[in-house]
Amino acid sequence: MDLLSMRWRHTLFAHWPVDPDIVQAHLPDRLTVATYDGRAWLGVVSFDMVDIRPRGSPVGLSFPEVNLRTYVEPASGGERGVYFFTLDAADRLGVTTARLGFRLPYHYATMAVRERDGAIDYQSYRPASRDAPAAHFDATYRPVGDPSPPESGSLTEFLTENYRFYTDEWPIVVGVIDHDPWPIQDVDVEIRANTMFEACGFDHPGGDPLVHYAREIDVTAEPPAILH
């Protein structure tokens with residue numbers, strides 16, 4: 001049974017390859033870093049969440065989010081999913097709800113998303129607090145070309161087609177989402193500021209990221225469950 005429905009708009013995937021041992025050192029024991037051709041990936045993913053509604057609710061929330069993530073598998077075996085090192089969002093109620101209901105490391109940030117002349121300006125700043133250092137992400141991205149679903153078995157599919165997330169609390173919680181395959185487009189990106197890595201205890205991987213874009217997608221989320 002679906003708990004939430006929502007729409008994700010203007011999603012930017014920016015991924016950097018990283019030594020798997022570096023990522024594994026930041027994961028809980030019951031999760032193993034997932035790799036593609038021997039490389040782990042750290043991704044900064046920014047988007048605008050629109051009309052987030054609990055099942056049966058006539059009213060929804062809308063706010064931007066940016067997160068730093070990697071991809072993992074349960075050490076005991078199971079489906080690949082997302083592991084979040086941090087999630088920043090521009091709605092205090094949404095942050096509180098996600099922290100309590102899904103046990104996710106959400107933090108409140110000042111954010112703005114503006115679409116103009118076919119490009120998206122995305123800005124996020126999270127001030128330092130008692131439980132998290134400051135984090136800043138500022139980018140402009142312009143999609144190019146026609147959308148298409150990721151090719152089966154491709155790196156693009158590995159980085160974008162993930163339908164569950166795992167938390168690091170005990171017991172580990174798993175959340176499951178559902179949506180159509182991502183309508184992926186190429187994208188030109190200018191990143192002016194990105195301290196998401198340093199805010200989560202990583203050195204910045206350096207170099208240009210591998211980037212993808214999706215204009216919008218409808219998503220449903222199931223109630224969180226315990227990983228057995």
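The values are calculated or read from the model by the stated rules, or taken from the named source; none is laboratory data. Predicted model only: the values in this text are computed from it and were never measured. Cβ coordinates were reconstructed from backbone atoms using ideal geometry, including for glycine residues, and neighbour counts include every protein chain displayed.
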Taking Ala132, is it of a type in the set (A, V, I, L, M, F, W, C), surrounded by fewer than 16 Cβ atoms within 10 Å (Cβ to Cβ) and more than 16 Å from the chain's Cα centre (by Cα)?
no
Note: among Ala90, Ala98, just one is among the hydrophobic types (A, V, I, L, M, F, W, C), more than 25 Å from Val211 (Cβ to Cβ) and either in contact with a strand residue (DSSP E or B) (Cβ under 6 Å, 6 or more places away or on another chain) or modelled with pLDDT of 95 or more (or both), namely Ala98
With the requirement that a residue be modelled with pLDDT of 95 or more and farther than 23 Å from His204 by Cβ, what does segment 9-30 give you?
Arg9, His10
Does Ile184 satisfy the condition of being surrounded by fewer than 18 Cβ atoms within 10 Å (Cβ to Cβ) and touching a residue at least 24 places away in the same chain (Cβ under 8 Å)?
no
Can you work out which of the residues in segment 171-221 that are outside any strand (DSSP E or B) and in contact with a Leu (Cβ under 6 Å, 6 or more places away or on another chain) is farthest from Arg9 (Cα to Cα)?
Ile172
Which listed residue, of Ser5, Ser46, Ser62, is without any contact (Cβ under 8 Å) to a residue 60 or more places away in the chain and either surrounded by fewer than 18 Cβ atoms within 10 Å (Cβ to Cβ) or polar (S, T, N, Q) (or both)
Ser62
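Residue by residue, here is whether (1) surrounded by 13 or more Cβ atoms within 10 Å (Cβ to Cβ); (2) under 17 Å from the mean Cα position of the chain (by Cα); (3) small (Gly, Ala, Ser) holds:
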| residue | (1), (2), (3) |
| --- | --- |
| Tyr166 | yes, yes, no |
| Val174 | yes, yes, no |
| Ala199 | yes, yes, yes |
| Leu210 | yes, yes, no |
| Tyr213 | yes, yes, no |
| Glu216 | yes, yes, no |
| Pro223 | yes, no, no |
